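What follows is a single structure, written as structure tokens, with notes after it.
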Amino acid sequence: MGTYFTFEVLDGNVGRVTFDSPGKKVNTFGRPIVEELEQLVGELEGKKLHGLLFRSGKKDQFIAGADLNELAALSYLPKEMLGQLSGHMHSLLTRVSRLPFPTVCLIDGPSMGGGTEFALSMDYRVASSSPKTVIGLPEVKVGIIPGWGGTQRLPRVIGVHPALEMITSGEPVNAGKAVKIGLVFDAVPLDQMEAVGRSLIDYAHQTGEWKKLREKKEQPIGLTQDQAMFMFAIWQGGIFGKTKGQYPAPLAALDAVREGCNVPLEEGLKVEQAKFAEVGGTSIASSLIGVFFMNNRLQSDTGVADTSIKPRELKRVGVLGAGLMGAGIVTSSSRTGIPTVMVDVKDDFVKVGVKRAMDVVGGRIKAGKAKPEDMANMLANITTGTSHRYFSECDIVIEAIPEKEELKKDTYKQLLPLMKPDALLVSNTSTISITRLAAATDRPDRFAGLHFFNPVDRMPLVEVIRGEKTSDETVATLVAFAKKIKKTPIVCKDCPGFLVNRILLPYMNEALLLLCEGADMDKLDKASERFGMPMGPIALQDLVGIDTSLYAGSVVIEAYKDRAAIPPNILQDLVEAGRLGTKTGKGFRQYTGKKGKAEADPEFSKFLEKNRVGSRQISSEEMTDRLFLGMLVEATLILEEEIVRDPGDVDMGLIMGCGFPPFRGGILRWCDTEGAGKLVAKLEKYSSLGKRFHPSQTLKRMASSGEKFYPAPKVVV
Ligand code: NAI
């Protein structure tokens, strides 16, 4: 009996291996486990068994894939080592696939990455019908490709098209779909899995099918040249359209399937090995693996250092204001089963709020992401009204009324006497100081910012903002609540712009300045898109609304006067002319044509000419430098001021809050990839433009010491 694997012989001379990593919630494949597996396979090769069953000893958990520490180290390994790692696992799993008796893998719970590749090396797979059972090869999501045979064995088991669907998307399939595509023989209740596995072994002997299957799986798939050309060209176009060439892993996986499917398995595995080594060591893989770990950290973060602090349960939620944001918050809360009260000043406004909530769920039902009963359940959880008295039983009230400090403070005064004495009060304000708002209440320790992003139903990020007096218990409670309603919270201290807007708005202001200095509007947007942003800064101005951008931008300019990029009055002029962006059909561009598509608007030139401060040709390089170097400086100042607790908070905030490209891993990881020394030298070029391009202490220190925001992991695979 080993540490991780237990071997038993059941009656009928059927062997059974149980994989159970002691003391761990999930099974993963780390180095010591692979070593023990190798030894076990050696022993099994010498045994005379009727057949072999393989299962996990953990209920609802099959194999989660690679060991996380080893995954973290992967992108730091040289190419040759990556190739060796993949080659090593290929030999081991080939030996599993050639064991001298039929083999059946019993899958209950998630089977991911290496777990799925292991299962594919066995003759048959049976899944449990539990909703927790999902089978996938998610490698491309972290910038790598399956390297233990997945790109070769999966197409040989289920066919090229469904295999490409799974491999290039990284999305898992549930047990039902796995049966449909032939990935598993059947999906049955957990307590019947073993019996089905044993019958399969008997069946394999009776028919001799297992030997024929093995032979077939070692051969080329045999697509005709035309079939192959046509199918792969379509896939390549589709992947390129989705990834814009910025994510190489899905294309590398496609190449591995393309080059490997029409040659014998052994040669196909060599193709996979080479492709795995090629993408595994890139900075993109490193960034995406980093995002995966940062996300994991946020999922388990309680929001406070003191682990003894427990969040309070918020059984009933109140939302004040049924507008754009309030209705969105009500939707998120009520959809997750929490009784939620929505209050506005007039019935008509409340009705609009309810309609907004219904539209969100209606849209999800249309898209097949929700069921009609979800709508009924959500509505059953919503109570509406126009009186603050409706909040008397709420454990928290989330205020989402217009962005006017005095209005908010006055409203708190009316509201607080009607609330439970221990209830929390939070504001969704995007610009007003939380500490100042807290001072207008009787409970500054139970007051905080809870800053959702628009549109609430699609934006995962919520900033939990601590005022000076916000208690740890309040923070922990808000973090737990945000997670409960399926958001990702990031805790930050109170400062103008909080986390995301403090970094994003200087970028927007810089774009305006560049435009007025002579930069071409389309080239400016393109420069940002080429860097990886989902849309350029000018297009973003029109989307968020020129009035909103003007207001929020001016708050940041006022607060960080010493360094802010101060654009001419172009936003004011557009607002005065009623050009508020997409919502009014005109802003920097016009949106009045078919489907509201953005088009150049000749009328805009008069606004530009009035605000011009130059007309020089500005290179794409200067545009990209100024847009993102300014962001970097501000991001490092946020760390120096300890507004957040971890570089990952900054990077994940930007990725989730403004679409910063995940393949760059966030602005700080971008700095690590480029090297602080190189970026500090670039900053010097723009130093005369103002303090916003003066390297922070952190950047200077890193440039001279070579230190990084994310040091390489110490674990060596
Ligand atoms: P909105 O104008 O769509 O909705 C505000 C709602 O509050 C209206 O329905 C109004 O009737 C209601 N209201 C006004 N006074 C009230 C009172 N005394 N009692 C109850 N209800 C009252 O505004 P929106 O966009 O939803 O913004 C709300 C808050 O969220 C603001 O603080 C804003 O800064 C913040 N925010 C807005 C974002 C956005 O993109 N719109 C993003 C993040 C935060």
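All of the numbers you see were taken from the coordinates with simple rules; none came from a lab. Everything quoted here is computed from the prediction, not taken from an experiment. Note that each Cβ is placed from the backbone with ideal geometry, even for glycine, and that neighbours are counted across all protein chains shown.
Annotation for the range 148-223 versus the range 240-284: alpha-carbon center distance of 22 Å. Summarising the strand pairing of the chain, around 25 percent of its internal DSSP beta bridges are antiparallel. Projecting the Cα positions of ALA285, VAL464, GLN219 onto the charge dipole of the chain (unit charges on Cβ atoms of Lys, Arg, Asp and Glu, taken about the Cα centre) puts VAL464 furthest along the positive direction. Looking at LEU82, GLY303, LEU424, which one has the Cα that reaches farthest to the positive end of the dipole of the chain (charges on Cβ: Lys, Arg +1; Asp, Glu -1)? The one lying farthest along the dipole's positive direction is LEU424.
Please identify the chymotrypsin sites (Phe, Trp or Tyr not before Pro) of the range 122-201 that satisfy two criteria: DSSP loop assignment and at most 15 other Cβ atoms within 10 Å. Which are they?
Working: sites: TYR124, TRP148, PHE185; in loops: TRP148, PHE185.
When the chymotrypsin sites (Phe, Trp or Tyr not before Pro) of the range 122-201 are filtered for loop state and at most 15 Cβ neighbours within 10 Å, nothing remains.
By per-residue mean of other Cβ atoms within 10 Å, what is the highest-first order of 260-268, 602-610? If you can, show how the numbers build up before the last one.
Numbers: 260-268: 18.7, 602-610: 12.9.
Descending packing order for the listed peptides: 260-268, 602-610.
Here the range 501-705 is assigned +1 on the Cβ of each Lys and Arg and -1 on the Cβ of each Asp and Glu. Its dipole about the Cα centre then comes out at about 300 debye. In a simple Cβ point-charge model (Lys, Arg +1; Asp, Glu -1; nothing else charged), the chain has a dipole of about 840 debye relative to its Cα centre.
Charging the Cβ of each Asp and Glu at -1 and of each Lys and Arg at +1, and nothing else, the dipole of the range 317-494 about its Cα centre rounds to 540 debye. Kirkwood radius for the chain, taken over all pairs of different Cα atoms as the inverse mean of 1/r, rounds to 28.3 Å. The alpha carbons of the range 597-701 stretch over 47, 34, 23 Å along the principal axes, in descending order. Relative contact order of the chain, taken over Cα pairs closer than 8 Å and 6 or more residues apart, is 10 percent. Pairs of Lys residues in the range 576-667, spaced 8 or more positions apart or belonging to different chains, with C-alpha separations under 14 angstrom: 6 in total. Sorting 500-508, 300-308, 240-248 by average packing, meaning the other beta carbons within 10 Å per residue, from highest down gives 500-508, 240-248, 300-308.
Ordering VAL500, GLY149, GLY23 by Cα displacement along the dipole of the chain toward the positive end leaves VAL500 in first place; charges were set at the Cβ atoms of Lys, Arg (+1) and Asp, Glu (-1).
Label sites at LYS484 and ILE234, each approximated as a point 7 angstrom past Cα along Cα to Cβ, lie 4.7 nm apart. State whether the range 317-494 is rounded, prolate or oblate according to the following rule on the C-alpha gyration tensor (a ≥ b ≥ c being the square roots of its eigenvalues): a/c under 1.5 gives rounded; otherwise a/b larger than b/c gives prolate, and the remaining case gives oblate. Taking the square roots of the gyration eigenvalues as a ≥ b ≥ c, the range 317-494 is prolate.
What does the helix-only formula give at 222 nm for the chain: each DSSP H stretch with n ≥ 4 adding -39500 (n - 2.57), the total divided by the residues, and the result rounded to the nearest 500 deg cm²/dmol?
Working: 30 runs with 361 residues, N = 717.
Counting only the DSSP helices, I get -15500 deg cm²/dmol.
The packing ranking of peptides 450-456, 16-22, highest mean first, is 450-456, 16-22, where packing means the average number of other beta carbon atoms within 10 angstrom of each residue.
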